[in-house]
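A short reminder: the numbers here are calculations on the coordinates, not readings from a lab. A quick note: this is a predicted structure, and the numbers were derived from the prediction, not measured. Note that we place each Cβ from the backbone using ideal geometry, even for glycine, and neighbour counts take in every protein chain shown.
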Amino acid sequence: MVHIKFFEQVNKYFDRAAGYTKFPKGLLDQIKICNTVCHFAFPIQKDDGSIETIHAWRAEHSFHKLPTKGGIRYSMEVNEDEVQALAALMTYKCAVVDVPFGGGKGGVRIDRKKYSQTELERITRRLTFEMVKKNFIGPDIDVPAPDYGTGEQEMAWIVDTYKSIAPSLNSEGCVTGKPVELGGIRGRTEATGRGIFFGIREACEQKDDMKRLGMNVGLDGKTVVVQGFGNVGYHSAKFLEEGGCVITGIAEWDGAIHNPKGINIEALKKHQQEHGTITTFPGATFIKDSKLALELECDILVPAALESQIHEGNAHKIKAKIIGEGANGPTTIEAHDIIKKRETLIIPDNYLNAGGVTVSYFEWLKNLSHVRFGRMDRRFEENSAKQLLLSIQDLTDRKLSEDDIKKLAHGATEQDIVDSGLEDTMITAYNQINDIKNELNIDLRTAAFVSAIRKVAVIYNKMGIFP
Ligand code: NAD
């Protein structure tokens, strides 16, 4: 297999977009380079008493905004090049959706399936300790979040360790994606998938694009194949199904399943939880080589596993008319160019999977303000709306039931506010990059990079670095 240098790939995309801007080379080089990267090597004791050296990395790509922000992944593919590439993507993604962070990313080179829960806890707590010691974590320094192979549990261990060794007023803001009980926010777990749904829905509302692709406007009846049935893949599939799509294929590391009539996503999740695999799901055809799922006939393909899954070797076999990039870097630049020739619409990762960091931003704001969204105004809003409805009722003679009043005068909960902020962010950013796409006659990915470069360059400009 050809080894694809991920950071080089991201930089090729960056250089292509930079060609559509007029910024000096020196400034573009500064935006592009990864500012800091740290390699941690530390011992942990396994349950059998043996000692193992663990390798981990944290990259802070850009300090034009602080803190830096980005997930921590647990995977055997983690290396210095990968974290730098992912940190760079975070810088551009945050800029695209106007989230005021620099890009960061971390990873631990382990196969989490081979470690017990107590071993994973020791690894995570020791990593946090190392990051504190080296000043690579803190609510105003660098704020990790879940990514491939990590979730709420790891974030809970991180916040607990951080608070015990670096307590401060805002220490809960040292990490996002935490359980709600530890300062997390409602809606974070599903945020990336929900954001992907909003982004794909917005793309399918563009009449000109749908006409060019020979598709109807809207999501209704569109067939979808998803690669990866973890956090991002499952939630994307769930929201797309709820939005009217038919999920016809799901791929996992140990095989894929296909059913042109549709796969019930909740039933599949239940099956995966009970049996530890999706491959034995009844009523669907099993595909042994899961990579072949990418080549299935469908309207929308959502790669939501790992990078470089669509490459020059399989790009010409992809049949989907829309590729919604849920994973980071799933398409190499060579594959992107092959696919683009067929006029396929690629909705790029550095926009489409930004829902996670957007809601992480809300969680961080909640941690700094020490108050749950909606706590101060929900009842006030509810009472005002109730009064208004009662006055209208008096004036119009129309009698509303208690139930109607309750529904109509419903004040916004934290989840409502989070979802509304996320929806607004994804729609606004789509329209911004779509305008650049039309203005410069370029594809959506290049437009997203142009948008990010413009926004970061303006900040350097205001700082006086770029006269
Ligand atoms: P996850 O660990 O929850 O899920 C990944 C899934 O992919 C797992 O179920 C795994 O078994 C499966 N997988 C692994 N190899 C595969 C293969 N060859 N074919 C098919 N499936 C395979 O991770 P996640 O959080 O869902 O992250 C997935 C991708 O989305 C990553 O690229 C990540 O960087 C990106 N992402 C995640 C978030 C987030 O909030 N979690 C945010 C933005 C981007």
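Sequence neighbours fewer than 8 away in the same chain don't count; with that in mind, list the lysines whose C-alpha is under 20 Å from Lys366.
The reachable lysines, counting only those whose Cα sits under 20 Å from Lys366, are Lys65, Lys69, Lys163, Lys178.
Out of the trypsin sites (Lys or Arg not before Pro) in segment 370-467, which ones are loop residues according to DSSP with at most 13 other C-beta atoms within 10 Å? Kindly include the intermediate steps, with their values, before the conclusion.
On the way: sites: Arg372, Arg375, Arg378, Arg379, Lys386, Arg398, Lys399, Lys406, Lys407, Lys437, Arg445, Arg454, Lys455, Lys462; in loops: Arg372, Arg375, Arg398, Lys399.
Sparse-neighbourhood loop trypsin sites (Lys or Arg not before Pro): Arg375, Arg398, Lys399.
Going Cα to Cα from Lys399, which lysines come in below 17 Å? Please leave out same-chain ones fewer than 8 positions away.
Within the straight-line limit of under 17 Å, Lys399 reaches these lysines: Lys386, Lys407.
Tell me, how many Å apart are the Cα centres for segment 268-297 and for segment 425-467?
39 Å
How far apart, in nm, are two points set 7 Å out from the Cα along the Cα-to-Cβ line at Asn441 and at Glu77?
Once both label points are built, they end up 3.6 nm from each other.
Among 15-24, 56-65, how do they line up from the highest to the lowest mean number of other beta-carbon atoms within 10 Å?
The packing order, highest mean first, is 56-65, 15-24.
At 7 Å along the Cα-to-beta-carbon direction for both His275 and Leu66, put a label point, then send me their distance in nm to one decimal.
For the pair His275/Leu66, the computed spacing is 5.2 nm.
Test of understanding: what is the full-extension gain from Val458 to Leu169, defined as 0.36 nm times their sequence separation minus their Cα-Cα distance?
Working: separation 289, 0.36 × 289 = 104.04 nm, distance 3.23 nm.
Extending this stretch completely gives an extra 100.8 nm.
Run the numbers for Lys207 and Asp29: contour at 0.36 nm per residue of separation, minus the present Cα-Cα distance, in nm. Could the numbers behind the result be given before it?
Details: separation 178, 0.36 × 178 = 64.08 nm, distance 3.75 nm.
My answer for the length gained is 60.3 nm.
With the crude spin-label approximation of a point 7 Å out along Cα→Cβ, what separation in nm comes out for Asp403 versus Gln387?
Between Asp403 and Gln387, the simple spin-label model gives 2.8 nm.
Under a Cβ-Cβ cut-off of 13 Å, what is the net charge of the residues other than Gly106 that fall near it, where Lys and Arg count +1 and Asp and Glu count -1?
Values: positive: Arg58, Lys69, Arg73, Lys105, Arg109, Lys134; negative: Glu60, Glu80, Glu82, Glu130, Asp142, Asp147, Glu154.
Value of the local net charge: -1.
In straight Cα distance, which aspartates and glutamates are under 18 Å from Lys5, not counting same-chain residues fewer than 8 positions off?
Straight-distance partners of Lys5: Asp15, Glu77, Glu80, Asp81, Glu82, Glu307, Glu312, Glu334, Asp337, Asp349.
So what are the ³J(HN,Hα) numbers for segment 229-245, from phi and the Karplus equation (6.51, -1.76, 1.60; θ = phi - 60°), rounded to whole Hz, Gly and Pro as x?
Coupling constants for segment 229-245: 10, x, 4, 5, x, 4, 5, 4, 4, 4, 6, 5, 5, 4, x, x, 7 Hz.
Considering only Cα-Cα distances, which of the following residue pairs are longer than 23 Å: Lys288/Lys317; Lys113/Lys261; Lys93/Lys341?
Values: Lys288/Lys317 18 Å; Lys113/Lys261 33 Å; Lys93/Lys341 25 Å.
Check vs 23 Å cut-off fails for Lys113/Lys261; Lys93/Lys341.
Explain nothing, just compute: Karplus ³J(HN,Hα) = 6.51 cos²θ - 1.76 cosθ + 1.60, θ = phi - 60°, for every residue of segment 130-145 in order, whole Hz, x for Gly and Pro.
4, 5, 5, 4, 9, 6, 10, 8, x, x, 10, 10, 7, 10, x, 7
Check Arg73: other-chain or 5+ apart residues with amide H under 5 Å from its amide H, H built from backbone geometry?
Amide H neighbours of Arg73: Gly106, Gly107, Val108.
Restricting to bridges with both residues inside the chain, how much of the DSSP beta-bridge set is antiparallel, in percent to the nearest 5? Intermediate values should be presented prior to the final figure.
Numbers: 23 of 46 bridges.
About 50 percent, rounded to the nearest 5.
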